[in-house]
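The values are calculated or read from the model by the stated rules, or taken from the named source; none is laboratory data. Because the structure is a prediction, the values reported are computed rather than measured. Cβ sites come from the backbone with ideal geometry, for glycine too, and all protein chains shown count toward neighbours.
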């Protein structure tokens, strides 16, 4: 790395000196100021391709002082606002990382990054890559060999190139080509994934040229055949106008006659939410999307920061070029960039509040992102109940939940990501995987053990989704510890004469590393504060982690897949806290080679006992496609829970008012209920899910 | 066993010959007829204590012929109605099992059961046991030693006796004693579990006498001290009137302006439900509570019968008398017997339909059980979504669910049990554990590794909840098979040069037995019909099973706990079908000794390939109590899923109408939303959760 352009040159259009919260995302003016500062550090007319302009979060030590003052209603210290910037000299491989002080306009850091460090994709770039692939004469010549019907439209899906160490020093994209239903070529929303083509151009982003055209193996082995005339199969559309829709589903409305129970306080680009003793700050950035800061319950601190840190999706087909399909959707693209504009009545039910975001574009401008997070309450069923069988008196409360939901579209796939809070002091992170399977062509009559045929001629290859949730704890203050409980049978003895006894043993984690759940031992990880004891039972206050089992990465330990996905091999990673260590797969995941993520940090073998540490919780799906997952997949749901353990002195939901008909207003359905069914209507005036075009 | 009283004697008051469905639960008149037949088989004035009078389900082969005719709208065969009966000669240990043909009034079977076979408890009996314990002079003398405050009320909780082979031939109950808050002794719903006493009378149900008074160890070892003056600790109430309730939770109503989307057809004691291509029959019985029969989707058969088969709750404290705490709540008491009368607006939200049940009482009469199952729809969040990033068009549907919920109160604990159906052809069985921990006294300053102190002087001992869901499959007809998929890394080769490939391998289960999930291999069990192939990809139609991991029973293999809980040691049991093999822990679990449940059936090593078999799916919680679980426990939720795998030819929810504001009527919450909070009100006129007294 070489430092260059650490300019103290003239600083144009500084952001107005508004007293932003130190954790507030960059504002529109801050983004444009930052890019202006960087542009000014280069000779005039240097064309910069900005990749990221985002808040450089201040050192945690500074923020903690700020938060302490804030919570104690004392004067807050001044913390300088900084922008983190990634950019290229456009149409070159010169990829830079910079930090700009927004108050002074000083460039604090501005370096050309070394070989094998590549930026994420951006929207304009993806569209340009699509186009470059389809306009290439060589690609056209290959497509011609398919002898597609008159008027056929070919669609190009750019994919991150992955990395295998073979000719991948350049920043490349692998395009997968598909055919729009030729019988209905005017349908711009046709599901082209039902008609995959065996041709895959590779594009270099330096000059946007096709450097190679890969042909795909379409049999059971890795033989590559020359392109042959394409057999057009029937379409398989997911759009409602191509279905015979059900007509017997009646409306279900969530009505809150007195409004929602939460309060939102907006301060510039930052918002704080208060709901049922919970209070936290919400941020939004290009990479992680939704981020929560300073999460508190009943004025006690719980977490400094919560976010989805990373995800990796390696595919099972080992044949070139498919073996490189291993996406890091956050680092290679960005959960913020890909966040859906959520629509009232489509993506959430009830009384909805929307939060907006601001991210940067490739010119260094600001892009307002509207409705990227929806906030609403939902009923979570019964929260607790007990009936005294002697008197018949039932005490029952419903569990109300607060949901912060964001939805991202990653080309074919969708992820619905939500933090869910309840009245029992519990936080849940819910992931719903939906969208369309990434498909490839397969010859008729072939079966392979690494994929499922989901449509004639269409193979959906097995793949893993491995998610990493970053949890930066602050349970009743700093200096927490990670421990785990396990249950073991007691040996037979005079104390245990019938062989029925068992006991729980706690193990404290002292060193950074990757740790696994042993389901056979009921191993349960807990974040504790050993300095704060439960007033009744003297146990350290704690939150336990409940995450579903998942199969660890299947790529072997010498593979690039394994080396790059540094979080994919353990249920839990714990590392000592260092500013800037946010992304479990490393800061730059696109065509990465490993060595910069959480496995590497854990290898420091730091002390993590009674100090500041961070936990990365992994969860995942080994998605063996079913035909039911096509042409669009019913949500597969994963939940990670964090629940108090001896943190309170009794059930924190004990003070929830009882569940009563006067409040809930349920309705008795009459016997033999047979109302006329209601016709479902599509795309009426005022409807929300019709095309934007 | 000796056969006796197989009377062909006069058959009084026969049930009217109404053409009941063969799977319909016994009606009121059928129950009373059955008991009358049995009474008539004995000399006049013989006092019988009935335990169970329930439908003896006809042989499956007969029912299948009936269902086949029913679905094909052909004349149905006549199937005789039979009652299964358990009874004692009152105040003796003579426990009988009988079957009565209800049409003819013939006693088909009537046997005295052998030693070590004991009946479940019943409501009247439990109240009598409570009373017997408290009225015993020896018990009174021990209580006197506690020197309780004037006006103290002692409560007796009868517990099943468990079995350890030591002096437990007789049918016994172990009573645990508690103190009602002496400062508030008039509060009949006071949480006595906060004030446990160290005295435990044991009652024989033959003569309702105390046979022994156990004193409890209250330290860290198994020393038993003489009863000392009791230190009264503060109360810990769960009732709302003892809390300072939250005032900032606003109403959330589920409104279905056009009514519910399901239809219920009642035929006598049986109901069929139709909803969104689903159709099934609902039964209800004393032991299992809610049972589903003949579950079909879009006119294709899926399951012959679904029910919670059994549950076992062994406790971790190995010391006498606690080592015997190992309850089988279904077999020892009955999910039907203990079913809550559900209240509108308290237990479910929205448009609710209630189903009733009928069970028998100890005199052989019928007990109507109102509102034991609530049926309602709920919103399950987004069902599927895809946005075309090129056009911005989003297609999204919400997942509507149909819920059949039943709640049971087992003394201190509650279970909320629900079958949940969705529009993607999926069934979920949800278990919520709530209610009050079973507590015992502990000396001050003591910690033990087998329990948690949840209140001063109160120990909540670790315990396992192990559930067994019985699934009798009929996927596209009979002759199904069980198989499992596992994913393995491919070895490096020319085919897999980068070490990234993996494959799925299917193993077919040929023999009955206990099988386990290997999370490291993503082992996934599937029920298949190999005779019916998916029209697109040729795979056998299948449903997969997704169940959460759980720690298997911790009691050792030589223990009575292990021998009795025959389902507790494997994730999956599969056995060849035999009529009457319904309960995984065996037909008679109270003080059972093993050898009569699913482990024993599996030991037949029968063929289960392409034949009629039954799967028992286990799930569980190793409940290490937190102080947050007291004085009443926030729901802990377990879900077992069954999802189609290559059963349909595409996503079965593709035809769900799109999610639109015109249908959903969501509301935008205005910024800075700060409405006045609403006061929660308790026990208003018309409210549902106030005392019945």
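Brief remarks follow.
- Screening residue A:260 against (1) in contact (Cβ under 8 Å) with a residue 40 or more places away in the chain; (2) within 24 Å of the chain's Cα centre (by Cα); (3) buried (at least 21 other Cβ atoms within 10 Å of the Cβ) leaves a single unmet condition, (2).
- Scan of the stretch B:376-432 for residues that are part of a loop (DSSP other than H, G, I, E, B) and closer than 22 Å to residue A:338 by Cβ, ordered by number: B:388, B:389, B:390, B:391, B:392, B:393
- Residue check for residue B:573: more than 12 Å from chain A (Cβ to nearest Cβ), in a strand (DSSP E or B), surrounded by 22 or more Cβ atoms within 10 Å (Cβ to Cβ) and touching a residue at least 60 places away in the same chain (Cβ under 8 Å): yes
- Residue within the stretch A:547-558 that is assigned by the TED database to the domain that holds residue A:301, modelled with pLDDT of 95 or more and either at positive phi or not in a loop (DSSP other than H, G, I, E, B) (or both) present: no
Residue-by-condition table, conditions (1) outside the structural domain of residue B:286 (by the TED database); (2) at pLDDT 95 or above; (3) in contact with a helix residue (DSSP H, G or I) (Cβ under 8 Å, 6 or more places away or on another chain):
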residue: B:348; (1), (2), (3): no, no, no
residue: B:368; (1), (2), (3): no, yes, yes
residue: B:371; (1), (2), (3): no, yes, no
residue: B:377; (1), (2), (3): no, yes, no
residue: B:384; (1), (2), (3): no, yes, no
residue: B:395; (1), (2), (3): no, yes, yes
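- Scanning the stretch B:516-546 for residues that are farther than 22 Å from residue A:502 by Cβ and assigned to a loop (DSSP other than H, G, I, E, B) turns up B:518, B:522, B:523, B:534, B:535, B:536, B:537, B:538, B:539.
- Among the residues of the stretch A:596-633, the ones that are within 26 Å of residue B:519 (Cβ to Cβ) and in contact with a helix residue (DSSP H, G or I) (Cβ under 7 Å, 6 or more places away or on another chain) come to 1 in all.
- The set of residues from the stretch B:389-401 being surrounded by fewer than 21 Cβ atoms within 10 Å (Cβ to Cβ) and touching a strand residue (DSSP E or B) at 6+ places or on another chain (Cβ under 9 Å) comprises B:389, B:390, B:393.
- Subset of the stretch A:635-647 (residues that are facing another protein chain (nearest Cβ under 7 Å) and within 27 Å of residue B:252 (Cα to Cα)): A:635, A:644
- Pairs, first on the phi > 0 side of the Ramachandran plot in the stretch B:133-153, second at pLDDT 95 or above, C-beta under 7 Å, six or more apart: B:147/B:229; B:147/B:230; B:151/B:182; B:151/B:185
- Of everything in the stretch B:82-102 that is buried (at least 16 other Cβ atoms within 10 Å of the Cβ) and more than 26 Å from the chain's Cα centre (by Cα), the residue that is farthest from residue B:474 (Cα to Cα) is B:93.
- Filter pass, residue B:568 being touching a residue at least 40 places away in the same chain (Cβ under 8 Å) and touching a helix residue (DSSP H, G or I) at 6+ places or on another chain (Cβ under 6 Å): no
- On the stretch given as the stretch A:634-684, residues that are touching a helix residue (DSSP H, G or I) at 6+ places or on another chain (Cβ under 9 Å) and at pLDDT below 50 total 6.
- Any hit, the stretch B:22-30, residues being surrounded by 18 or more Cβ atoms within 10 Å (Cβ to Cβ) and out of contact with any strand residue (DSSP E or B) (no Cβ under 8 Å at 6 or more places or on another chain): yes
- Those strands (runs of 3 or more DSSP E) lying entirely in the stretch A:272-341 with at least 2 residues more than 12 Å from every other protein chain (Cβ to nearest Cβ), in contact with a helix residue (DSSP H, G or I) (Cβ under 7 Å, 6 or more places away or on another chain) and in contact (Cβ under 8 Å) with a residue 12 or more places away in the chain: A:300-314
- Residues that are in contact (Cβ under 8 Å) with a residue 60 or more places away in the chain, within 9 Å of another protein chain (Cβ to nearest Cβ), within 26 Å of the chain's Cα centre (by Cα) and within 28 Å of residue B:349 (Cβ to Cβ) are absent from the stretch A:381-396 altogether.
- Inclusion of residue A:361 among residues that are surrounded by fewer than 21 Cβ atoms within 10 Å (Cβ to Cβ), in contact with a strand residue (DSSP E or B) (Cβ under 6 Å, 6 or more places away or on another chain) and more than 10 Å from chain B (Cβ to nearest Cβ) is warranted.
- Restricting the stretch B:650-661 to residues that are under 19 Å from residue A:354 (Cβ atoms) and free of Cβ contacts under 8 Å to residues at least 40 places away in the same chain leaves a set whose member that is nearest to the other protein chains (Cβ to nearest Cβ) is B:661.
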